[in-house]
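Read-outs throughout are calculated quantities, based only on the coordinates presented, and are distinct from any laboratory measurement. None of the values given here were measured: they were computed from a predicted structure. In this analysis, Cβ positions are derived from the backbone assuming ideal geometry, glycine residues included, and neighbour counts consider all displayed protein chains.
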Amino acid sequence: MIQKIVKRDGKVVDFNPEKITFAVFQAAIAVGGRDKAMADSISREVVRQLEARSFEKSYPTVEEVQDLVEKCLIEEGHAKTAKAYILYRYEHSLKRAGQKSLAYSSDNVPYEKLWQALNWAFDHRCVTLDDLSQIIENKSYEKLIADSESFYQQEIQRAVNVLMNQLENLRAIIVAGPSSSGKTTTSLKIAAALKQKGYRLKTMAIDNYFFDLNTHPKDSDGDYDFETPQAIDLELLNSHFKDLLAGKSIKVPYYNFKKGCREGSAGEMNLGARDILLIDSLHGLHSDLTSAIAGDEKLKIYVETLAQLKNAKGRFVRWSDIRMMRRMVRDKQFRNYNPVQTLTHWHYVRRSELRYIISKLQSANIVLNTYLPYEVPLLVNRLRNYLAAFEKDLAEKPHHYDALERFERLKDLFAQVPVYTDENRVPKQSLLREFIGGSDLSY
């Protein structure tokens, strides 16, 4: 029996066959498969072949196990899954070597949008964390809130202006972007603006098309990877898109998030003459998500927190860290999911963002900045007391090295960010209310 395995850093740890199953199942899902039994079978065969080898005075290495997984996948006729597994393995080797990924890209945000955000920050003297401190000390924070909200509303209006010029053929609007970028509030505000022009956006709740939770890969910590487009029943979704655009009614499935499964129906849906389908989804730019809708019939909006905020070392605060803080606050507020869990789950979120969302940004028709320059002090105020819990949990889970890196960045950020506690100053229809609660908008 194989009981131990040697990691790349030379450490000897317990051998867990479930990790093989998890990795194979992830690779299968990446190419459209959902056969958990196949992943179990490959895992058993890998273990069988390992046990047939002689490790009397040593243990198998991670590399040997992964080589054997590739071999078994190919020999069993799972070439597509083997390719996905090999690519995933190679991407991680590049990451360990500090090299740029082949599949991931985040260098495609239009320069004009970044210049616009940076120029706004300079004009309002909030380029650095120290600038934020000065704004709070000078009692100018309420003005920063008002100016930030005005900037976001201008972004909404820009998007609406583009939409109005394309209404003749438009059947669907896609609002896409990474986790906690503000897609829902942005969709609601665009819908309100179009309603004034006599058009109605009808939202397709993509979350209702998730596969049951027990069909997703589950790692050794009991966490599920449900952040990929393959977690959605794309075949059923596109069938429903086709019916809606043909003038038919559909029965939208209902997903029970407490039970983690689809059950019954959320009701019937159809499109009237002046109705436009709204698709609010993380993976809206993923081509397979809306393959049933012709390219000239859909307009794609990409939203992101394009912050141009520097820390004491002159480095820009990461957009993904701001969104992670938003999600921590929202998960605690609305989903009974504590911030520590959000932090340790974030590697699934980030991996999916880089592969399936950010890398598709160039296919968007509109890029919309949803960063609110006043939000960081309020988010930090909500999360500051969890620092000790983060540190304790990560000390017990050293394999979460990626979470540890994010925690160190947060700790450094929290040490520099001034405290602002009065959330009553945040407008009731602000995008930030999507995360902190108290909104007048119906989510």
Practice problem: May I ask you to compute the full-extension gain from D130 to K310, defined as 0.36 nm times their residue separation minus their alpha-carbon distance, rounded to one decimal in nm? | Solution: 63.9 nm
Practice problem: Compute the relative contact order of region 4-96 as a whole-number percentage, counting only Cα pairs closer than 8 Å that sit 6 or more residues apart in sequence. | Solution: 33
Exercise. Find the centroid of the Cα atoms in region 24-80 and in region 193-210, then give the distance between the two in whole Å.
Key: 44
Practice problem: Along Cα→Cβ, 7 Å out, is where each label goes; now give me the distance between the ones at K202 and K7 in nm to one decimal. | Solution: 5.3
Self-check item: Extension gain, E423 back to C261 (0.36 nm per residue minus Cα-Cα distance, nm)
Solution: 54.8 nm
Practice problem: Using 0.36 nm per residue of separation minus the Cα-Cα distance, give me the extension gain between K143 and S41 in nm, one decimal. | Solution: 30.6 nm
Exercise. Find, to one decimal place in angstroms, the Kirkwood hydrodynamic radius of region 4-96, where the mean of 1/r is taken over every pair of different Cα atoms and then inverted.
Key: 13.6
Quiz item: Order of 284-292, 243-251 by packing, highest average Cβ count within 10 Å first?
Solution: 284-292, 243-251
Quiz prompt | Net charge over other residues, Cβ less than 13 angstrom from the Cβ of R48 (K, R count +1; D, E count -1) | solution = -2
Quiz item: Roughly how tilted is helix 387-396, in degrees to the nearest 10 and between 0 and 90, from the longest Cα axis of the chain?
Solution: 10
Exercise. Sort out for me the Cα centre separation of region 235-262 from region 267-303, rounded to whole Å.
Key: 13
Quiz item: Ranked highest first by average number of other Cβ atoms within 10 Å, how do 325-333, 29-37 line up?
Solution: 325-333, 29-37
Quiz prompt | Straight-distance crosslink candidates among lysines, where the alpha carbon sits under 24 Å from K258 and sequence neighbours closer than 8 are dropped | solution = K36, K183, K218, K332
Quiz prompt | Principal axis dimensions, largest first and in whole angstrom, of region 124-199 by Cα | solution = 51, 26, 16
Quiz item: aspartates and glutamates near K83 by alpha-carbon distance under 20 Å, same-chain residues fewer than 8 away left out - which ones?
Solution: D35, D40, E45, E63, E64, D67, E70, E75, E91, D225, D288
Quiz item: Angle, helix 339-352 long axis vs. longest principal axis of the chain, Cα atoms, 0 to 90°, nearest 10?
Solution: 80
Quiz item: In a shell of Cβ-Cβ distance under 14 Å around L170, excluding L170 itself, what net charge do Lys and Arg (+1) and Asp and Glu (-1) give?
Solution: +3
Quiz item: Kirkwood hydrodynamic radius (Cα pairs, Å) of region 158-197?
Solution: 11.0
Quiz item: How about K143: which lysines have a C-alpha closer than 24 Å to its C-alpha, ignoring those fewer than 8 places off in the same chain?
Solution: K113, K189, K310, K428
Quiz item: When only Cα pairs under 8 Å and 6 or more residues apart are kept, what is the percent relative contact order across region 297-443?
Solution: 31
Quiz prompt | Residue-averaged [θ]222 nm for the chain, counting only DSSP H segments that reach four residues, each worth -39500 (n - 2.57) | solution = -14500 deg cm²/dmol
Exercise. Specify the angular offset, from 0 to 90 degrees and rounded to the nearest 10, of the alpha carbon long axis of helix 111-123 from the longest principal axis of the alpha carbons in the chain.
Key: 60
Quiz item: What FRET efficiency would be calculated for the residue pair L114, F55, taking the C-beta separation as r and a Förster radius of 51 Å, to the nearest 0.05?
Solution: 0.45
Quiz item: Across the chain, how large is the tail of the calculated P(r) beyond 37 Å, expressed as a percent of all Cα pairs?
Solution: 31
